């Protein structure tokens with residue numbers, strides 16, 4: 001009885017799905033399916049939309065990718081390999097100082113630049129970000145004539161982007177078994193062979209074939225990474241069209257959102273316990 005009910009429900013779903021595909025696919029239709037959690041239907045509708053409109057909507061692709069990632073789409077249960085970021089150092093506690101002339105307190109950006117300059121000396125040629133730690137922070141100030149010495153003690157987690165996650169996001173539209181060539185893998189302005197080998201291993205583990213010549217490939221991949229920006233592009237070798245793009249930018253202090261939006265990040269203001277204002 002249960003098996004018959006499942007068969008009826010599957011047939012009804014496929015009937016609805018077939019009707020939707022035969023009609024004009026709109027962005028509103030696709031977003032409605034995303035909201036319902038019908039990620040595969042949203043993906044198929046988007047394919048129809050791309051064909052009829054002859055254009056790519058990267059924001060819509062991102063929403064579909066997130067939908068599929070959160071749901072754990074068939075054949076992609078390991079998608080992401082632990083989320084968007086990898087932890088380099090947990091609950092790192094360190095004090096920093098910043099010298100300013102006059103009574104104006106340092107801005108969040110000034111603190112960020114000071115802290116990142118220090119951390120990048122410890123992790124050279126790495127794209128890293130800062131996540132709020134579990135401890136409390138404090139701020140102190142001392143005066144030396146007209147110079148104001150501001151200091152902070154900060155708990156933080158140091159993270160870097162998970163290449164596995166972003167590579168999978170970029171190639172999600174590529175069929176398993178496709179031939180993929182790594183075209184440009186640029187890290188900090190130079191070719192990165194270690195990163196290239198890492199991506200080859202990931203692609204092969206995911207069931208793709210890696211080739212050396214772009215002309216023999218179904219798709220080619222371009223990667224660019226700087227100290228605060230990563231972008232991975234999947235390009236159709238036959239048409240030259242972008243089939244998928246994944247990117248992330250670190251531009252401030254990061255803090256994880258609630259579990260329902262796990263992996264996403266947003267900039268936060270620095271809040272320190274016991275901030276001492278400059279004397280007037």
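Only the coordinates and a few stated rules stand behind these numbers; no lab work does. Computed from a prediction, not measured in an experiment: that's the story for all the values here. When we count neighbours, we look across all protein chains shown, and the Cβ atoms used for this are built from the backbone with ideal geometry, even at glycine.
Some values worked out for this structure:
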{"item": "Fully extended contour minus Cα-Cα distance, from residue 57 to residue 176, at 0.36 nm per residue", "result": "40.6 nm"}
{"item": "Ascending count of other beta-carbon atoms within 10 Å, so fewest first, for 159, 210", "result": "210, 159"}
{"item": "Order of 40, 61 - criterion: other Cβ atoms within 10 Å of each residue's Cβ, fewest first", "result": "40, 61"}
{"item": "Contour excess over end-to-end distance, with Cα ends at residue 118 and residue 190 and 0.36 nm allotted per residue", "result": "23.6 nm"}
{"item": "For 146, 62, order by how many other beta-carbon atoms lie within 10 Å, fewest first", "result": "146, 62"}
{"item": "Label point distance in nm, residue 93-residue 107, each placed 7 Å from Cα along Cα→Cβ", "result": "3.1"}
